[in-house]
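The values are calculated or read from the model by the stated rules, or taken from the named source; none is laboratory data. From a predicted model like this one, the values you see are computed outputs, not experimental measurements. Glycine also receives a Cβ, built like all others from the backbone with ideal geometry; neighbour counts cover every protein chain displayed.
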Amino acid sequence: MNKNHRFLIGLVGVTAVVTYLIWTGVSKTMVYYLTPTELLAQVIEDPTLHDLGLKVSGRVVRGSWVADETGGLEHHFRVEDLEDPSVSFPVVYRNLLPDTFNDSDEHVEVVVEGRFRQDGVFEATEVLTKCGSRYEAAPEAVT
Amino acid sequence: MTILGELALWIAFPVALFGTVLAFVGGRQQRGDLVLSAERAVYAVFGLLTLASAGIVAAFLGDRFEYWYVWNYSNRELDVFYKAAGLWAGQRGSLLFWVLLLAMFSVIAVFTNRKKNREFMPYVTGVLLTVITFFLCVLLFAEVNPFEQLPFAQADGRGLNPQLQNYWMTIHPPTLYLGFTAFTIPFAFAISALLTGRLDSRWLVIIRKWTLLSWFFLSVGVIFGMRWAYEELGWGGYWFWDPVENASLLPWLTATAFLHSVMIQENRGMLKVWNMGLVTLTWTLTIFATFLTRSGLIESVHSFATNSTIALIFLAFLGVTVSVSILLIIWRYDDLKAENEIQSFASREAAFLLNNLLLLGIAFAVFWGTIFPLIGEALTGKKVSVGPGFFNSVNAPLGMVLLGLMGVGPVIAWRRATKRNIKKNFFMPLGVGLGVFALLVALGSRQWMSLITFGLSAFVFTVIAVEFFKGTKARARIEGSAPPTALLHLVSRNRRRWGGYIVHVGIVMIFTAFAAASFKMELIQTLEPGESVTIESPFGHTYTLTYQGVSTALRTRNMEWQAQALLTVARNGKPVGSITTEKRMYLTYPAPVTEVGIRSTAFEDLYVILANAEDLGRALSNDAGGQRATFEVQINPLVGWIWYGGLMVAFGAMVGLWPSKGSLAEHRSKATPREATREPVGVTV
Amino acid sequence: MGVIIGAVLLVGGVVLFVLYPIIQGQWATLHRTSDEGTEADARKRVSLLALRDVEMDFATGKLDEEDYRALQSELSHAALKAIQEVEVQQKVADLVGSTATGSEALEAEIAAVRVGIAEGRTCASCGHVNSAGSNFCASCGEPLGG
């Protein structure tokens, strides 16, 4: 057996393993990126969307943020569509919010990641805020 | 000063361009005067870029808010330290800083090779000046000129993002940039070797220290970034598989692969094409990383307005350089054939090869995950992305095999290992590894991935410890010297090998810390002053934190207000000190910023975050009733080992970098005119 | 005005500095210099380092007697070959002196071929100088007569 064969066996073996890992990794963790309008429209046509990982970007509805500290920290707020503020949905999040998060006039843009429950509440596992290009030098606030 | 700097930047561009042409023409026609002139262009460009950078720094220090860049990243109240660091605070300045560092390394490369390796130098100079010219071109013509002026001078600047006002964040980008730019030197030598056709081991010898230097800075830079995230952004996390983080990891992975595979080429004359490819790939990834961090390409898919001119220019440049490199390798393919072949799977070559494949596999997975949003959108039209879960599930198994290989590599023989060799050297370390694993299982832990990692770490650590122990003993016996002296001689006789082992110990520590992260404890609790919260450490003891209240300061120099919560800490009921965490409201930033409180010990960090003071308004006015606050308390086991491990890695790399004065010098002692037997001459004798 | 003078001085200085070698006809050497290791030197160095490591591994007890003998003989052979090659080159160097350029370099190569023949390494049919210990020519494949 010559060297090329040995090299190739190793190469093919590792490539196969890496490909397998990437394939399963992608299918397990892929999330769809939607706007609130897209989410609310698509979920009616396709109820399986409730079971998928989703990322939804929008804006925090003014004055909608309530921090409930009875029985552990729980944040409730609504996220509206950037273009059409009449479309919004409720979000619940049980962790610390980024410092830049608020529901004042500043119109904080957020990306919420998680699942859209059957009862129409978005259960977020992660909330990112975007400060816009002014603070381009900072990576997105990661929570 | 600043106007002079701008002028210098404009002069640097034609000088670099002209120098590029001179270098290539000089190399092609073997014109020594043109080459000398091109080398002088390198010095001139460095001088000019130093002037330009000094101009930017002067503008920052002088609060020259008529410059867009200064206005956007500074204000009058900013610390002088951060003002000076404004050079690399944003995209525009950091591109200038990048090319300044590249010019600095180019000067060092040209200067140290002014009397040797002359065959390579015309094209080395040419390649370096090409890259410099490209960056200058971007700076001047892609609307990112740091000297751009505003129509009206502003009274005050917009201030630096408070998250960037952190010591680690100030030194993190320059360190990474040093790593990125230093790798251009090996790349230039690789291309020069291809162009001149001098493809023996000489170019590898020349670039050995350069690659290690670059790798050193990349490693340290990545660790600094983690440290910053841990303190400032991450709330107890240090790695988020964010595109920017991934981009800095990619060249580190391929450079690591190269540092290993180059040893196979040196020892066994194999993998020449592979190594050439790795150098090119690593360099490409350094440019990709620069481009990704400073163009906002990936983020732009979802958020930020992007400077698409820059994205296109960078992509075009990467496309051209990669194609040219590949064509050159194909052109010289016949000269890059292997001199030996792998004899056995059970050999050090095979272990190194597997190491290379795994590192590249990880790099590919990281790359794939990073650009997945782009691919996904292009293919399906839907916006998709993968999260940290993807990176962890792909990289954890690969990383664990890699970890195990670190224990195999040092003791397995080159060429082919016999069963006896394997038995003799693996029995004890494997026993230790399995013992640690079994012990942890017996203690009741069921975090399998972490436990296997701990077991593997123990195995690798034992292998390396035994290497040091036996080596020192043998050396002491041979020399008849005391163990410390023997150890010193052992290391200095083969710095690369023993330095490498030290690096491996550091990496093992870092892996251990990663694995320990799954034992992290955290809880969120709202407290009134006087109330306390108790958290149990995975090591068995408990911490009790008692909230003492918030003290506030209004209208400090650059802050609107500052609210600091004080908590006293007791370990198993015994007071051990206190910890503070605060919220700050900077004058120039729209949201409050959290400063976390960390209490570090060798085995764990107690980490406290002031999540939200219930009613900051009342707390600020020192109303006793308004001091209710919510805290997140974490215990991060072994997290400090990342930083200690990082120090170890840096130390090991420095051992390898230290100039050696060994008995087997790299240069020949006796003078010979040329490698006379290299080419046969058509003479009949 | 000051700015213009500064600019002119800067541009002038830079242009003069960069073009000086061309104007003055200063040439940088573009040839291999004497203190660089040749390929044979590199091979010699690598094989000696490997040999040293094997000795060390034996001394530490990592290799047992049998493995050590096998590896040692293999590496010694390689090292010897490399050393001979280096010596041949140095002999050549001594023949022509150490500052060969131009026609002297050619003579050095001719001398190399001569030394090669003296040691039975130069191919009789094509003139290629083979490395020591070769039985067949690496260039044309003809057997070496010795």
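Could we say that B:LEU95 is within 14 Å of chain A (Cβ to nearest Cβ), in contact with a Gly (Cβ under 7 Å, 6 or more places away or on another chain), under 20 Å from B:LEU4 (Cβ atoms) and assigned to a helix (DSSP H, G or I) here? If you could, list the steps in order and put the result at the bottom.
Values: within 14 Å of chain A (Cβ to nearest Cβ): yes; in contact with a Gly (Cβ under 7 Å, 6 or more places away or on another chain): no; under 20 Å from B:LEU4 (Cβ atoms): yes; assigned to a helix (DSSP H, G or I): yes.
Answer is no for this residue.
Of the helices (runs of 4 or more DSSP H) lying entirely inside the stretch B:202-317, the ones with 3 or more residues being crowded, with 23+ Cβ neighbours inside 10 Å and modelled with pLDDT of 90 or more are found at B:202-228, B:243-268, B:272-295.
Matching residues to (1) under 23 Å from B:ASP156 (Cβ atoms); (2) part of a helix (DSSP H, G or I); (3) free of Cβ contacts under 8 Å to residues at least 12 places away in the same chain:
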| site | (1), (2), (3) |
| --- | --- |
| B:ALA8 | no, yes, no |
| B:GLY26 | no, yes, no |
| B:LEU36 | no, yes, yes |
| B:VAL42 | no, yes, no |
| B:ILE56 | yes, yes, no |
| B:PHE60 | yes, yes, no |
| B:PHE81 | yes, yes, no |
| B:LEU87 | yes, yes, no |
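When you check B:LEU545 against the structure, is it of a type outside the set (Asp, Glu) and either more than 30 Å from B:LEU440 (Cα to Cα) or more than 35 Å from the chain's Cα centre (by Cα) (or both), yes or no?
Working: of a type outside the set (Asp, Glu): yes; either more than 30 Å from B:LEU440 (Cα to Cα) or more than 35 Å from the chain's Cα centre (by Cα) (or both): yes.
Here the answer is yes, as B:LEU545 does meet what is asked.
Could you run through the stretch B:363-384 and say how many residues are hydrophobic (A, V, I, L, M, F, W, C) and either within 8 Å of chain A (Cβ to nearest Cβ) or without any contact (Cβ under 8 Å) to a residue 24 or more places away in the chain (or both)? Steps first, please.
Initially, the stretch B:363-384 is screened for residues hydrophobic (A, V, I, L, M, F, W, C), giving B:363-368, B:371-372, B:374-375, B:378-379, B:384.
Filter again for either within 8 Å of chain A (Cβ to nearest Cβ) or without any contact (Cβ under 8 Å) to a residue 24 or more places away in the chain (or both), leaving B:364-365, B:368, B:372, B:375, B:378-379, B:384.
Residues flagged as hydrophobic (A, V, I, L, M, F, W, C) and either within 8 Å of chain A (Cβ to nearest Cβ) or without any contact (Cβ under 8 Å) to a residue 24 or more places away in the chain (or both) within the stretch B:363-384 amount to 8.
When the stretch A:18-65 is filtered for residues that are among the β-branched types (Val, Ile, Thr), buried (at least 17 other Cβ atoms within 10 Å of the Cβ) and facing chain B (nearest Cβ under 10 Å), the ones remaining, listed by number, are A:VAL18, A:ILE22, A:VAL26, A:THR29, A:VAL31, A:THR35.
Of all residues in the stretch B:191-201, at least one satisfies being at pLDDT 90 or above, assigned to a helix (DSSP H, G or I), closer than 30 Å to B:MET270 by Cβ and among the β-branched types (Val, Ile, Thr).
Every residue in the stretch C:23-52 that is more than 7 Å from chain B (Cβ to nearest Cβ) and either surrounded by fewer than 17 Cβ atoms within 10 Å (Cβ to Cβ) or of a type outside the set (A, V, I, L, M) (or both), please. Write out each step before concluding.
The initial filter retains those residues of the stretch C:23-52 that are more than 7 Å from chain B (Cβ to nearest Cβ), namely C:23-24, C:40, C:43-44, C:47, C:51-52.
Listed by number, the residues that qualify are C:ILE23, C:GLN24, C:ARG43, C:LYS44, C:SER47, C:ARG52.
For the stretch B:186-193, indicate whether the set of residues that are over 24 Å from B:PHE651 (Cα atoms), among the hydroxyl-bearing types (Ser, Thr, Tyr) and surrounded by 23 or more Cβ atoms within 10 Å (Cβ to Cβ) is non-empty. For the stretch B:186-193, residues over 24 Å from B:PHE651 (Cα atoms), among the hydroxyl-bearing types (Ser, Thr, Tyr) and surrounded by 23 or more Cβ atoms within 10 Å (Cβ to Cβ): present.
Pick from the stretch B:509-533 the residues that are among the β-branched types (Val, Ile, Thr) and closer than 16 Å to B:GLU604 by Cα: which of them is farthest from the other protein chains (Cβ to nearest Cβ)? Talk me through it step by step, then tell me what you get.
To start, the set of residues in the stretch B:509-533 that are among the β-branched types (Val, Ile, Thr) comprises B:510, B:512, B:524, B:526, B:533.
Checking which are closer than 16 Å to B:GLU604 by Cα leaves us with B:510, B:512.
Numbers: B:ILE510: 20, B:THR512: 23 Å.
Filtering the stretch B:509-533 for residues that are among the β-branched types (Val, Ile, Thr) and closer than 16 Å to B:GLU604 by Cα, the one farthest from the other protein chains (Cβ to nearest Cβ) comes out as B:THR512.
Could you tell me whether B:THR50 is assigned to a helix (DSSP H, G or I) and under 19 Å from B:PHE141 (Cα atoms)? When the stated conditions are applied, B:THR50 does not pass them. Among the residues of the stretch C:61-68, is there at least one that is more than 30 Å from B:VAL110 (Cβ to Cβ), at the interface with chain B (Cβ under 7 Å from one of its Cβ atoms) and among the basic types (Lys, Arg)? Looking through the stretch C:61-68, at least one residue is more than 30 Å from B:VAL110 (Cβ to Cβ), at the interface with chain B (Cβ under 7 Å from one of its Cβ atoms) and among the basic types (Lys, Arg).
Among the residues of the stretch C:4-27, is any modelled with pLDDT under 85 and under 30 Å from B:VAL25 (Cα atoms)? There is no residue in the stretch C:4-27 that is modelled with pLDDT under 85 and under 30 Å from B:VAL25 (Cα atoms). Evaluation of B:THR133 against the conditions (1) surrounded by 21 or more Cβ atoms within 10 Å (Cβ to Cβ); (2) at pLDDT below 90; (3) not hydrophobic (A, V, I, L, M, F, W, C) shows that the sole unmet condition is (2). The criterion of being in contact with a Ser or Thr (Cβ under 9 Å, 6 or more places away or on another chain) and either in contact (Cβ under 8 Å) with a residue 60 or more places away in the chain or not acidic (Asp, Glu) (or both) does not hold for B:ALA229.
Looking only at residues of the stretch B:355-365 that are touching a Leu at 6+ places or on another chain (Cβ under 6 Å) and among the aliphatic types (A, V, I, L, M), we find that the one that is farthest from B:ARG420 (Cα to Cα) is B:ALA363.
The one condition from (1) without any contact (Cβ under 8 Å) to a residue 24 or more places away in the chain; (2) of a type outside the set (Lys, Arg); (3) closer than 30 Å to B:MET121 by Cβ that B:THR20 does not meet is (1). Given the criteria assigned to a loop (DSSP other than H, G, I, E, B) and surrounded by fewer than 16 Cβ atoms within 10 Å (Cβ to Cβ), does A:ASP84 qualify? So A:ASP84 fits the description; yes.
Would you call B:PRO529 over 29 Å from the mean Cα position of the chain (by Cα), assigned to a loop (DSSP other than H, G, I, E, B) and of a type outside the set (A, V, I, L, M, F, W, C)? Before you say what the answer is, go through the steps one by one.
Details: over 29 Å from the mean Cα position of the chain (by Cα): yes; assigned to a loop (DSSP other than H, G, I, E, B): yes; of a type outside the set (A, V, I, L, M, F, W, C): yes.
So B:PRO529 passes the test.
Which ones in the stretch B:400-455 are among the charged types (D, E, K, R) and more than 34 Å from the chain's Cα centre (by Cα)?
First pass over the stretch B:400-455, keeping only residues among the charged types (D, E, K, R): B:415-416, B:419-420, B:423-424, B:446.
Selection gives B:ARG416, B:LYS419, B:ARG420, B:LYS423, B:LYS424.
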